[in-house]
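Enquirer: Have a look at the structure that comes next, please.
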Amino acid sequence: MGSPDVAYAPSVDGDPSAQSPPPSDCTDTTYLRFLASNAEAGSIIGKGGSTISDFQSRSNARIQLSRSYEYFPGTSDRIIMVSGTFGEVLYAIELILTKLANEFYAEDGDEAEPTSKVRLIVPNSSCGGIIGKGGSMIKSFIEDSQANIKISPQDNSLNDRLITVVGTLQQQVQATNLILSKLSEDLYYIQSMGPAFTYAAPYGVPNYGPNGGGRKLQNNKEEISNSVTLGVADEHIGIVVGRSGRNITEISQISGARIKISERGDFIHGTSNRKVTITGSQRAINVAEAMIMHKVASAPES
């Protein structure tokens, strides 16, 4: 898959998994969302969270799931978001798809490699780049990966569309690599994606999307503010804030949360950790917290 000269992470079988680097800086945080049934989500989480912890540890990516009764509109599937660098996200996706292929699609005595599907959630504004002029880009993705790739029709009540990838495990991983590479070129991809679980709602209950009749009800619910205070080591505050406040502004815009950092010398009692207070809906807080923790984890050791 891709150039053999660049290895981002070990593959599932322990050999280097060579992937072409994304056009953007490979240290930048990127995201990918996809759907999973409740059974598949349970497999990804594992007993006591053991599997998801293992996948996060091995890939260094962050893996988040919508709650067991929160589904993508029109489906009975939960939303999974994987965040990290390009290589981390791709490796985490490979681990997840391998787990699902082995548990749900492998058949005893069947020599042919089983096929399955994964449905990626991509903002409407980013789908044009995936399709390409006259469908040229998606055609090249299909040829290069040998997977079947289809994009759902646009639904004006949603900000997202589903990209369904059908094929063997290797074909799915290669197609995901190509799609994520293209998304990494899109300067507006992260901003347009917004919080991970914006559309999550109980199956069979009307979803109050951005253009839906129940918009006011959902907004009222989302505007219920909570507040969480994190402790971040003083030496890591700089990477959270970023040059000229770039990082913290990005985190606030993507998550929809308000973020306040205590003044220098104002530490959590008994520590040298600055106070980072996140205010907003619970989902906004979850997204902001995940992004802040990822920034801290990626800080170079002093």
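Enquirer: Checking residue 220 against (1) open to solvent by 60 Å² or more (accessible area, probe 1.4 Å); (2) modelled with pLDDT of 80 or more; (3) under 27 Å from residue 73 (Cβ atoms), only one condition comes out false. Which one?
Expert: Unmet condition: (2).
Enquirer: Being under 22 Å from residue 82 (Cα atoms) and of a type in the set (D, E, K, R) narrows it down to one of 275, 295, so name that one.
Expert: On the way: 275 fails: under 22 Å from residue 82 (Cα atoms).
None of the other options fit; the residue is 295.
Enquirer: Can you find a residue that is out of contact with any helix residue (DSSP H, G or I) (no Cβ under 8 Å at 6 or more places or on another chain) and of a type in the set (Ser, Thr, Tyr) anywhere in segment 87-104?
Expert: Taking segment 87-104 as the starting set, the residues that turn out to be out of contact with any helix residue (DSSP H, G or I) (no Cβ under 8 Å at 6 or more places or on another chain) are 87, 102.
If we keep only those that are of a type in the set (Ser, Thr, Tyr) too, we end up with none.
No, every residue in segment 87-104 fails to be out of contact with any helix residue (DSSP H, G or I) (no Cβ under 8 Å at 6 or more places or on another chain) and of a type in the set (Ser, Thr, Tyr).
Enquirer: Separate question: Tally the residues that are under 26 Å from residue 60 (Cα atoms) and crowded, with 21+ Cβ neighbours inside 10 Å, restricting the search to segment 254-282.
Expert: 7
Enquirer: If a residue has to be open to solvent by 30 Å² or more (accessible area, probe 1.4 Å) and β-branched (Val, Ile, Thr) to count, how many in segment 283-302 make the cut?
Expert: Residues in segment 283-302 being open to solvent by 30 Å² or more (accessible area, probe 1.4 Å) and β-branched (Val, Ile, Thr): 1 in total.
Enquirer: Criterion first (under 30 Å from residue 179 (Cα atoms), modelled with pLDDT under 80 and in a helix (DSSP H, G or I)) does residue 283 satisfy it? Let's see the steps before the verdict.
Expert: Working: under 30 Å from residue 179 (Cα atoms): yes; modelled with pLDDT under 80: yes; in a helix (DSSP H, G or I): yes.
Taking the combined requirement at face value, the residue satisfies it.
Enquirer: Next question, about the same structure. Hey, can you tell me all the residues within segment 110-139 that are acidic (Asp, Glu) and in contact (Cβ under 8 Å) with a residue 12 or more places away in the chain? I'd like the intermediate steps shown before the answer.
Expert: Residues of segment 110-139 that are acidic (Asp, Glu), as a first pass: 110-111, 113.
Passing the criteria: only 113.
Enquirer: Only one residue in 25, 15, 54, 5 is modelled with pLDDT of 90 or more, of a type in the set (D, E, K, R) and open to solvent by 10 Å² or more (accessible area, probe 1.4 Å). Which one? Steps first, answer last, please.
Expert: On the way: 25 fails: modelled with pLDDT of 90 or more; 15 fails: modelled with pLDDT of 90 or more; 5 fails: modelled with pLDDT of 90 or more.
Just a single option satisfies the conditions, and that option is 54.
Enquirer: If you go through segment 63-98, how many residues are surrounded by 22 or more Cβ atoms within 10 Å (Cβ to Cβ), of a type outside the set (A, V, I, L, M, F, W, C) and closer than 21 Å to residue 289 by Cβ?
Expert: Residues that pass the stated criteria total 6.
Enquirer: State all residues of segment 27-41 that are part of a helix (DSSP H, G or I) and in contact with a strand residue (DSSP E or B) (Cβ under 9 Å, 6 or more places away or on another chain); if no residue qualifies, say none. Let's see the steps before the verdict.
Expert: Taking segment 27-41 as the starting set, the residues that turn out to be part of a helix (DSSP H, G or I) are 38-41.
38, 40, 41, listed by residue number.
Enquirer: For segment 227-248, which positions are of a type in the set (A, V, I, L, M) and within 11 Å of residue 261 (Cα to Cα)? Break it down stepwise before answering.
Expert: Pass one, segment 227-248, residues of a type in the set (A, V, I, L, M): 228, 230, 232-233, 237, 239-241, 248.
Residues satisfying the conditions are 230, 232, 237, 240, 241, 248.
Enquirer: Would it be correct to say that residue 182 is of a type in the set (Lys, Arg) and within 22 Å of the chain's Cα centre (by Cα)?
Expert: Details: of a type in the set (Lys, Arg): yes; within 22 Å of the chain's Cα centre (by Cα): yes.
It is true that residue 182 is of a type in the set (Lys, Arg) and within 22 Å of the chain's Cα centre (by Cα).
The values are calculated or read from the model by the stated rules, or taken from the named source; none is laboratory data. This structure is a prediction, so every number in the text was calculated from the model and none was measured. Positions of Cβ are generated from backbone atoms using ideal geometry, with glycine treated the same way; all protein chains shown enter the neighbour counts. Calculation scope for accessible area: heavy atoms of the full protein, side chains included, ligands and nucleic acids excluded. Shrake-Rupley method; radii C 1.70, N 1.55, O 1.52, S 1.80 Å.
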